[in-house]
Amino acid sequence: MTERSAHHATFVIERRYPAAPARVFHAFADLEAKQAWFGGPKEWARGQHHFDFREGGGERLSGGPPGGTVHHFDATYIDIVPDQRIVYSYVMHLDEQRISVSLATIELLPDGKGTLLKLTEQGVFLDGYDDAGKREEGTRGLLDQLGVALAQQKTQ
């Protein structure tokens with residue numbers, strides 16, 4: 001039997017992007033733009049990506065190393081203020097095992113000619129399968145990928 005535990009943690013990440021808040025918001029709000037940066041490593045197999053970006057809508061994405069554990073992201077959008085804020089809750093699974101439940105807030109603030117993105121995540125990490133440090137590291141990697149996608153978009 002698995003020993004049950006629930007570890008609560010909060011982390012905040014700030015990133016500055018040389019793109020207007022509307023462009024950064026678009027990278028979250030548009031399926032094609034989001035697929036350019038959101039997901040696991042390129043070598044991972046990807047499942048279907050369900051995307052319904054509206055308050056009360058949701059997003060589901062799964063993927064993982066070929067033949068390995070499948071990572072599932074299942075989100076519900078709670079509050080959306082165009083070009084300013086996105087609040088969503090999400091559950092992560094490894095195969096069928098629920099590993100965490102989180103509330104995430106993304107704030108997009110004008111910063112000169114660019115944007116200051118402030119992401120705050122409040123999570124409960126279940127039964128020792130994940131922790132805030134690993135989640136923060138993964139989220140930082142995703143925000144790095146967002147920066148690359150915004151830079152590539154600007155040059156196209």
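Of note:
- Among (1) under 16 Å from His26 (Cβ atoms); (2) assigned to a strand (DSSP E or B); (3) not hydroxyl-bearing (Ser, Thr, Tyr), the one test that Ile99 misses: (1)
- Looking across region 3-26, just one residue is acidic (Asp, Glu) and under 15 Å from the mean Cα position of the chain (by Cα), and that is Glu14.
- Residues of region 32-83 satisfying the condition of being in contact with a Pro (Cβ under 7 Å, 6 or more places away or on another chain) and either at pLDDT 95 or above or within 19 Å of Thr139 (Cβ to Cβ) (or both): Trp44, Asp83
- Among the residues of region 14-30, the one identified as surrounded by fewer than 18 Cβ atoms within 10 Å (Cβ to Cβ), in a loop (DSSP other than H, G, I, E, B) and either among the charged types (D, E, K, R) or touching a helix residue (DSSP H, G or I) at 6+ places or on another chain (Cβ under 6 Å) (or both) is Asp30.
- In region 50-60 there is at least one residue that is part of a loop (DSSP other than H, G, I, E, B) and under 20 Å from Leu146 (Cα atoms).
- Of everything listed in (1) hydrophobic (A, V, I, L, M, F, W, C); (2) surrounded by 17 or more Cβ atoms within 10 Å (Cβ to Cβ); (3) within 13 Å of the chain's Cα centre (by Cα), the single unmet condition for Ala33 is (3).
Here's the yes/no breakdown for (1) closer than 24 Å to Tyr17 by Cβ; (2) free of Cβ contacts under 8 Å to residues at least 40 places away in the same chain; (3) of a type outside the set (Gly, Ala, Ser):
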residue	(1), (2), (3)
Gly68	no, yes, no
His71	no, yes, yes
Ala75	yes, yes, no
Arg85	yes, yes, yes
Val101	no, yes, yes
Phe125	no, no, yes
Glu136	yes, no, yes
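- Any chance Gln152 is modelled with pLDDT under 95, closer than 27 Å to Pro18 by Cβ and polar (S, T, N, Q): yes
- Take the conditions (1) more than 16 Å from the chain's Cα centre (by Cα); (2) outside any strand (DSSP E or B); Leu116 misses just one of them, which is (2).
- If you check Val87, Val124 for being closer than 16 Å to Ile13 by Cβ and either touching a Ser or Thr at 6+ places or on another chain (Cβ under 7 Å) or outside any strand (DSSP E or B) (or both), only one passes: Val87.
- Condition check for Glu43: within 20 Å of Gln122 (Cα to Cα), out of contact with any His (no Cβ under 7 Å at 6 or more places or on another chain) and in a loop (DSSP other than H, G, I, E, B): no
- Criterion violated by Val81 - all others in (1) out of contact with any strand residue (DSSP E or B) (no Cβ under 6 Å at 6 or more places or on another chain); (2) surrounded by 15 or more Cβ atoms within 10 Å (Cβ to Cβ) satisfied: (2)
The values are calculated or read from the model by the stated rules, or taken from the named source; none is laboratory data. Just so it is clear, the model here is predicted, and its values are computed rather than measured. Methodologically, a virtual Cβ is constructed for each residue, glycine included, from the backbone with ideal geometry; neighbour enumeration extends over all protein chains shown.
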